[in-house]
Structure formats: C-alpha cells, structure tokens
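The structure under discussion appears below in the form of structure tokens.
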C-alpha cells in the first residue's frame, strides 16, 4: 500500500463513506509531487458508485478544505491534491489572507488580516489595497498555496498574478471575490 493511501486512510476517519472512498481513490493515483488526475469515471469505478455521486462528493470535499482541484493545460481531467490532514483543522487564531494589489494578489498569513492590511497599505504607500478573502490557516497552508500557484508567482514575493486558477480558488472561499 502506498504512503499516500496510508496517510489518506488515517486523515479521513472523520469523513462519511463516500467522501472517504473518493479520498482513498484519489490517493491511490497520487504521484510523488502530491498530484493526481484520475477521471471521474475512474474514481467511480474504484469507489463502486456513479459518476454523479463522485461529482457531488468532490463538490463537498473542496469547500470542506479537504481537496484542492485545478485544471491543468494538456490534461483533459482535473488535477486533484489532497489537503494535508493538519490543514483541515487549522488553528482558528491564524488566517491566510488574500490582498488585491491590482494586477496581483498577495497571499500571506496573519493572526489579524485587517491589521496586516493596514500595515501593508502604510508600507507600500497604497490606499487602494483591499482584503478580498481569508481562510483559517497558518504558515504551512500559506506555503502549500504558494507551491500550488508557484508558476504564477511574481519573483520571490508573496504576490501572484491574477490568473483564472488563482482567482477561482479565491472565489471558492466563503466571502471570496473574483
């Protein structure tokens, strides 16, 4: 049994039957980088359910913070990444924030995103910066998102181009704007 499947088994004990089976099917297809791209039909075959059930289950796992889904160029299916188990129960005292910088979005973390926004406005001398979304998480989740969006990063900064993938993720967050 692969390490990814073992980790998924341990991290998914709290999920319902369909959610857990879908997580395990995705884990079974995960490569060394943590990405998997089985088709919905393949996942349904592994799980023993309909494709529609897989689609509904994935639609539950994403907003629950257990699965990250993106579309990749040249691949007809979606690319899935299981979210680390400790990310699903983040410390409520820390947040990952998304600040609109015009052509880019800054992804960082802070215990107080509103205070951090005020600091950044002052440091940059820009009153037009705005907080567009937040989610529970700390430096580990920020680092995970930075890795996910690495191809869109502006230099070595915390700023990322406003690509459809980045903005889709932000839009998927409660209160996120596109």
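Read-outs: derived from the displayed coordinates by stated rules, not from any lab. What you see is a predicted model; the values in this text were computed from it and never measured. Neighbour counts run over all protein chains shown; Cβ positions are idealised from the backbone, glycine included.
If I stretch the segment between residue 45 and residue 123 completely, what's the gain in nm (0.36 nm per residue apart, minus their alpha carbon distance), one decimal? Intermediate results must be reported in sequence, preceding the final value.
Working: separation 78, 0.36 × 78 = 28.08 nm, distance 5.36 nm.
Here the segment from residue 45 to residue 123 would lengthen by 22.7 nm.
Using only the Cα atoms of the chain, build the gyration tensor, take square roots of its eigenvalues as a ≥ b ≥ c, and label the shape rounded, prolate or oblate: rounded if a/c is under 1.5, else prolate if a/b is larger than b/c, else oblate. Verdict is prolate for the chain. With the Cα gyration tensor of the range 3-84 giving a ≥ b ≥ c as the square roots of its eigenvalues, does the rule (a/c under 1.5 for rounded; else a/b larger than b/c for prolate; else oblate) give rounded, prolate or oblate? Rounded shape, in that the Cα axes give a/c under 1.5. Ranked by the mean number of other Cβ atoms within 10 Å of their residues, highest first, the peptides 118-126, 96-104, 13-21 come out as 96-104, 13-21, 118-126.
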